[in-house]
Structure formats: structure tokens, C-alpha cells
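The values are calculated or read from the model by the stated rules, or taken from the named source; none is laboratory data. Remember, it's a predicted structure, so these values are computed and weren't measured experimentally. Here Cβ is always computed from backbone atoms with ideal geometry, including for glycine, and neighbour counts include all displayed protein chains.
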Amino acid sequence: MVDDCLFCRIVAGEISAEVVHSSDRVVAFRDLAPQAPTHVLVVPREHHRDAASLAAADPATSAELVTAAAAIVAAEGHTDYRLVFNTGADAGQTVFHTHLHVLGGRSLTWPPG
Ligand code: 5GP
Ligand code: ZN
């Protein structure tokens with residue numbers, strides 16, 4: 001656990017969030033500022049700064065982010081969805097604890113801008 005990391009603190013239960021899925025390896029909770037009817041963040045319980053760091057260190061957990069996302073969108077009744085890893089500040093990453101954005105429940109345009 002990294003003390004000044006927002007998502008480590010959510011995983012530890014120190015900061016509240018609406019958790020929609022939890023396992024030994026991952027936790028998923030609703031984004032505070034949702035950009036779609038379903039906007040969930042799936043995070044590893046262990047701290048890694050971005051998606052590639054997690055994939056290199058722990059491929060099984062990296063894969064579970066994606067399978068958990070699919071289960072969440074199915075449970076919310078969607079068939080189509082978008083998965084996003086913002087990586088680095090210029091790409092919009094603001095929290096440096098790996099998180100997979102799961103967006104669904106509306107039509108999504110491409111490219112995202
Ligand atoms: P990033 O910009 O790093 O890709 O994504 C960070 C996400 O975390 C943003 O979509 C933002 O709305 C969300 N977020 C920031 N603070 C909190 C919080 O305290 N609780 C929850 N549930 N989401 C947060
Ligand atoms: Zn963290």
C-alpha cells in the first residue's frame with residue numbers, strides 16, 4: 001500500500017467508494033465523475049503505476065482486470081463497452097495506480113479526442 005495513493009486508500013477501505021466487484025486480486029468501483037451510465041474503474045489490489053507495469057509484474061491480475069470488466073458490463077445489461085487505460089499525464093492519467101476505465105450504456109464516439 002502506498003499511503004498517498006488515492007486508489008490504494010479506496011482498496012484499503014479508508015476512502016469510501018461504490019464497490020461493484022471484488023476478488024483476491026482486483027476491486028472495481030464506480031467513477032466519481034461518470035462519463036457514461038456505466039463508468040467503473042477496475043484496479044489491482046496491489047499498487048502499480050500503470051497498465052504496462054502491472055502486466056510485466058503480474059500478468060494474471062492484468063488479465064483479470066479485463067475479465068472483471070466484461071462481467072461487470074454484462075451484469076449491468078450492456079453488450080457494447082469501451083475499456084481505457086490512460087497512461088501518463090498527457091494521455092489524461094491523473095491517478096498513478098493502474099486502473100481500467102469501463103464505459104458502457106450509451107453510444108461512444110471514436111476517436112475520443
Ligand atoms: P485517470 O484520469 O487517471 O485516467 O482516471 C482517474 C479517475 O478517477 C477519473 O475518472 C476520476 O473521475 C476518478 N476519481 C478521482 N477521484 C476519485 C474518488 O475519490 N473516487 C472515485 N470513485 N473516483 C475518483
Ligand atoms: Zn496505489
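Tabulated results
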quantity: Options ALA17, ALA12; residue that is over 22 Å from PRO111 (Cβ atoms), near ligand 1 (Cβ under 10 Å from one of its atoms) and small (Gly, Ala, Ser); calculated: ALA17
quantity: Residue ID - farthest from the chain's Cα centre (by Cα), chosen from residues in the stretch 34-49 that are under 15 Å from ALA70 (Cα atoms) and more than 10 Å from ligand 1 (Cβ to nearest atom); calculated: THR38
quantity: Any chance VAL11 is at pLDDT 95 or above and more than 16 Å from ligand 2 (Cβ to nearest atom); calculated: no
quantity: Cβ pairs under 6 Å, 6+ apart, first in the stretch 9-33 and closer than 21 Å to VAL66 by Cβ and part of a helix (DSSP H, G or I), second within 16 Å of ligand 2 (Cβ to nearest atom) and not small (Gly, Ala, Ser); calculated: VAL11/VAL27; VAL11/ARG45
quantity: Filtered residues of the stretch 66-85 (kept if charged (D, E, K, R) and either in a helix (DSSP H, G or I) or touching a Pro at 6+ places or on another chain (Cβ under 9 Å) (or both)); calculated: GLU76, ARG82
quantity: When residues of the stretch 3-22 are limited to those that are surrounded by 13 or more Cβ atoms within 10 Å (Cβ to Cβ) and touching a helix residue (DSSP H, G or I) at 6+ places or on another chain (Cβ under 8 Å), the one nearest to SER62 (Cα to Cα); calculated: HIS21
quantity: Residue check for GLY113: surrounded by fewer than 17 Cβ atoms within 10 Å (Cβ to Cβ), small (Gly, Ala, Ser) and modelled with pLDDT under 95; calculated: yes
quantity: Positions within the stretch 85-98 being away from ligand 2 (no atom under 16 Å from the Cβ), in contact (Cβ under 8 Å) with a residue 24 or more places away in the chain and either in contact with a helix residue (DSSP H, G or I) (Cβ under 7 Å, 6 or more places away or on another chain) or farther than 21 Å from VAL2 by Cβ (or both), in sequence order; calculated: none
quantity: Enumeration of residues in the stretch 50-65 that are hydrophobic (A, V, I, L, M, F, W, C) and either in a strand (DSSP E or B) or more than 16 Å from ligand 1 (Cβ to nearest atom) (or both); calculated: ALA55, ALA56, ALA57, ALA60, ALA63
